[in-house]
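The values are calculated or read from the model by the stated rules, or taken from the named source; none is laboratory data. In this text, all values refer to a predicted model and were calculated from it rather than measured experimentally. Note that we place each Cβ from the backbone using ideal geometry, even for glycine, and neighbour counts take in every protein chain shown. Protein only, heavy atoms only, side chains kept; ligands, DNA and RNA dropped before computing areas. Shrake-Rupley method; radii C 1.70, N 1.55, O 1.52, S 1.80 Å.
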Amino acid sequence: MPQHKPAPAISSTPLAFTASDPLLASFPPVVARDTHTLILGSLPGAASLAKRQYYGHPRNAFWPLVGDALGVDLAGMDYAARLPVLLAHGIGLWDVIATARRLGSLDSAIRDHVHNDLLDLLDKLPHLHTIGFNGGTAAKIGMKALGERAGDYRIVMLPSSSPAYATLGYAEKLASWLALTREGGNINGDG
């Protein structure tokens with residue numbers, strides 16, 4: 001009877017990050033001078049980076065959530081058509097993290113991050129009144145980067161649109177994302 005070697009033990013120790021791990025970079029901001037609502041994520045995931053598109057993972061609910069809040073079928077549009085529609089409605093996009101190391105796509109795996117210069121961007125958006133943070137990591141890093149300036153804006157903490165955040169169903173997430181259209185203005189281009 002042949003003898004089998006035992007399988008190597010699987011370590012419960014997390015993978016170590018090294019200086020040779022790839023340094024990931026966010027995309028440029030998508031804004032216009034009349035942007036009044038800025039949605040900030042953390043850092044694009046692997047699928048988004050591969051496609052070079054904000055929220056490029058097919059199961060990420062970002063485009064359906066924002067589309068439902070606007071009453072526009074963003075998810076049914078090509079990516080190139082989505083961004084001008086967002087801008088026409090006064091919505092801008094960016095990420096709070098400029099560069100970081102991360103294995104995979106989970107925010108919990110982000111290491112060695114450097115935040116984007118949010119204050120510089122805010123100075124260029126005179127009509128901005130609302131900042132929405134897409135998920136807890138974006139909110140934590142973004143609020144720290146904004147510092148006292150956060151008080152100048154209506155801040156909306158949004159549940160993550162990521163498929164990894166399955167604690168809430170779509171309807172519950174949408175109820176929170178609709179907050180972008182209430183209180184201090186709306187995202188339908190006339191607020």
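Please go through segment 59-86 and give me each residue that is touching a residue at least 40 places away in the same chain (Cβ under 8 Å) and open to solvent by less than 50 Å² (accessible area, probe 1.4 Å), ordered by number.
Going residue by residue through segment 59-86, those that are touching a residue at least 40 places away in the same chain (Cβ under 8 Å) are 59-62, 64-66, 68-71, 83, 86.
ASN60, ALA61, PHE62, PRO64, LEU65, VAL66, ALA69, LEU70, LEU83, LEU86 - these are the residues of segment 59-86 that are touching a residue at least 40 places away in the same chain (Cβ under 8 Å) and open to solvent by less than 50 Å² (accessible area, probe 1.4 Å).
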Apart from one, (1) crowded, with 16+ Cβ neighbours inside 10 Å; (2) within 18 Å of SER176 (Cα to Cα) all hold for HIS115; the odd one out is (2)
When you go through (1) closer than 24 Å to GLY56 by Cα; (2) modelled with pLDDT of 85 or more one by one for SER108, which number turns out not to apply?
-> (2)
Which numbered condition THR167 fails, given (1) closer than 16 Å to ILE39 by Cα; (2) modelled with pLDDT under 90; (3) among the polar types (S, T, N, Q) | (1)
Can you give me the number of residues within segment 123-149 that are free of Cβ contacts under 8 Å to residues at least 60 places away in the same chain and either open to solvent by less than 10 Å² (accessible area, probe 1.4 Å) or on the phi < 0 side of the Ramachandran plot (or both)?
-> 10
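Of all the residues that make up segment 161-178, how many are open to solvent by 30 Å² or more (accessible area, probe 1.4 Å), touching a residue at least 40 places away in the same chain (Cβ under 8 Å) and under 16 Å from the mean Cα position of the chain (by Cα)? Give the steps one after another, and end with the answer.
Of all residues in segment 161-178, those open to solvent by 30 Å² or more (accessible area, probe 1.4 Å) come to 162-172, 174-176, 178.
Remaining after also requiring touching a residue at least 40 places away in the same chain (Cβ under 8 Å): 162-164, 170, 174, 178.
Subset that is under 16 Å from the mean Cα position of the chain (by Cα): 162-164, 174.
Residues meeting the conditions: 4.
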